[in-house]
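Let me begin by presenting the structure, written as structure tokens, before commenting on it.
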Amino acid sequence: MNKIKTLVLAAGAILALGGVSETTAHADTPRVDMVDTSNHNGQMTSPEFVYMRNNYGLKAVTTKISEGVGFHDYTARGNIAAAKQAGVYINGYHYLHATTTTAAIQEADYAARMAKADGLPVGAVLAVDIEQPYQLRMGSAMQSVANAFENRVRAYGYRSTTYTGGSALAVSPAGEKAWIAQYPYVPTSAMKHYSTEHAWQWTSNQRFASSLGRFDASILYDNFFTAGTDKDVVVPNVTPSKPVVNKDTSAIKKFKNAGNRFTAYKSFRVDKIAYANGMWQAINYDLAGGKDANWTANGIPLAMLDNVTRGNYAATRVGDQVKFMRGYNYGTIDQYDNNSNGAGIVEGRYGNVWYNANSLLAK
């Protein structure tokens, strides 16, 4: 997880993870079987996970659910929904503060309740993240604490394991397969570190053209993170043997001929408004390509819009005219979908938003 990097730089406890900030991901790297996400990555979308699945072979996503007994990650619900829509397995993790079994059970209860509320499927993994320096200094004395957490979340229908650093394996319950983070300076595909465990997180520096920022990537050695959930809830990653490639629509051709550049200066109507995926969003049916618009794929954050009807000092309402703020009203299109005549634009920290190419062209 993202905090493992901080610990490497700030504490000598996990110096085996040294050089994390210098890790270089390149073409000859271990597989990207799984990524883990949290609020540090922002709200993820289904098209982003689809891109990772189709281009990197992504099989699973593990999203942060909670921390301690009072922090609930606001991106968890949206990330779970987006992973399900993308057809990859979804799991969760909890960042542990406890050093006693009693406190671990309290945190497990909190984590499981938040996971249930966020829609994490029964049978998914709810891992315990152990990386605080004071926990790592306890060594094998932390095993009973980890066991208490894992046994408690199992009572809620989840499976569990321990995530920690490569030099801190002693905190993982004896005889248990774990999820281990250790970042070589130059990871290569020939490396199979910690192959007796469930997974090896080999970098925190993986980048994707579909998404902003850096991601933690792991190689999976078994089906622990890709099994146990209802087959009708999470669809396994299946790559068709002969993918169908549709021809570009006329609108997509025009954008491509213009170097993928677009402008969108005209105003448009707010047809729907809701607090979704951790933010207030608006939908315009034309820009979304119809009334079956999806908040994760087509919702436009209100923070990107100027209210033409009532100004930016009053709440935006359905029926208001809005327009894209400066900086969001021009740029380049990042991806296309011929099936839906869609144009995907990575809108900064808000992630990828899909627009109907014909409607965007008219703006």
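The values are calculated or read from the model by the stated rules, or taken from the named source; none is laboratory data. Small disclaimer: the values here were computed from a predicted structure and weren't measured. Positions of Cβ are backbone-derived with ideal geometry, glycine not excepted, and every protein chain shown enters the neighbour counts. When the accessible area is computed, the model is the full protein with side chains, heavy atoms only, and any ligands, DNA or RNA have been set aside. Shrake-Rupley method; radii C 1.70, N 1.55, O 1.52, S 1.80 Å.
Of note:
- Complete set of residues in region 258-281 that are open to solvent by less than 70 Å² (accessible area, probe 1.4 Å), assigned to a strand (DSSP E or B), within 18 Å of residue 44 (Cβ to Cβ) and of a type outside the set (Gly, Ala, Ser): 279, 281
- Residue within region 137-156 that is in contact with a Gly (Cβ under 9 Å, 6 or more places away or on another chain) and open to solvent by 10 Å² or more (accessible area, probe 1.4 Å) present: no
- Of all the numbered requirements in (1) open to solvent by 50 Å² or more (accessible area, probe 1.4 Å); (2) closer than 23 Å to residue 331 by Cα; (3) among the aromatic types (Phe, Trp, Tyr), residue 255 misses one, and that requirement is (1).
- Output for region 157-181, where each listed residue is more than 20 Å from residue 126 (Cβ to Cβ), open to solvent by 30 Å² or more (accessible area, probe 1.4 Å) and touching a residue at least 60 places away in the same chain (Cβ under 8 Å): 167
- Just one of the numbered conditions (1) more than 26 Å from the chain's Cα centre (by Cα); (2) touching a residue at least 12 places away in the same chain (Cβ under 8 Å) is not true of residue 141: (2).
- Looking across region 87-102 at every residue that is of a type in the set (S, T, N, Q) and more than 19 Å from residue 75 (Cβ to Cβ), the one that is surrounded by the fewest Cβ atoms within 10 Å (Cβ to Cβ) is identified as 102.
- Highlighted here are the strands (runs of 3 or more DSSP E) found entirely within region 70-179 that include at least 1 residues which are more than 25 Å from residue 49 (Cβ to Cβ): 162-165.
- Look at (1) closer than 23 Å to residue 124 by Cβ; (2) modelled with pLDDT under 90 and you find that residue 218 fails only one, number (2).
- Taking the conditions (1) among the small types (Gly, Ala, Ser); (2) touching a strand residue (DSSP E or B) at 6+ places or on another chain (Cβ under 9 Å); (3) over 22 Å from residue 213 (Cβ atoms) in turn, residue 250 satisfies each one other than (2).
- Qualifying positions in region 285-325 - part of a loop (DSSP other than H, G, I, E, B), under 28 Å from the mean Cα position of the chain (by Cα) and surrounded by fewer than 18 Cβ atoms within 10 Å (Cβ to Cβ): 290, 291, 292, 294, 325
- Check on residue 332, among the hydroxyl-bearing types (Ser, Thr, Tyr) and open to solvent by 40 Å² or more (accessible area, probe 1.4 Å): yes
- Residue 238 falls short on exactly one of the conditions (1) in contact with a helix residue (DSSP H, G or I) (Cβ under 8 Å, 6 or more places away or on another chain); (2) modelled with pLDDT under 90, and that condition is (1).
- Residues that are within 20 Å of residue 157 (Cα to Cα) and of a type in the set (Gly, Ala, Ser), drawn from region 104-143: 104, 108, 111, 112, 115, 117, 119, 123, 124, 127
- Any hit, region 203-211, residues being in contact with a His (Cβ under 8 Å, 6 or more places away or on another chain) and either part of a loop (DSSP other than H, G, I, E, B) or over 18 Å from residue 129 (Cβ atoms) (or both): no
- Given (1) in contact with a strand residue (DSSP E or B) (Cβ under 6 Å, 6 or more places away or on another chain); (2) of a type outside the set (S, T, N, Q); (3) under 25 Å from residue 335 (Cα atoms), index of the condition residue 51 fails: (1)
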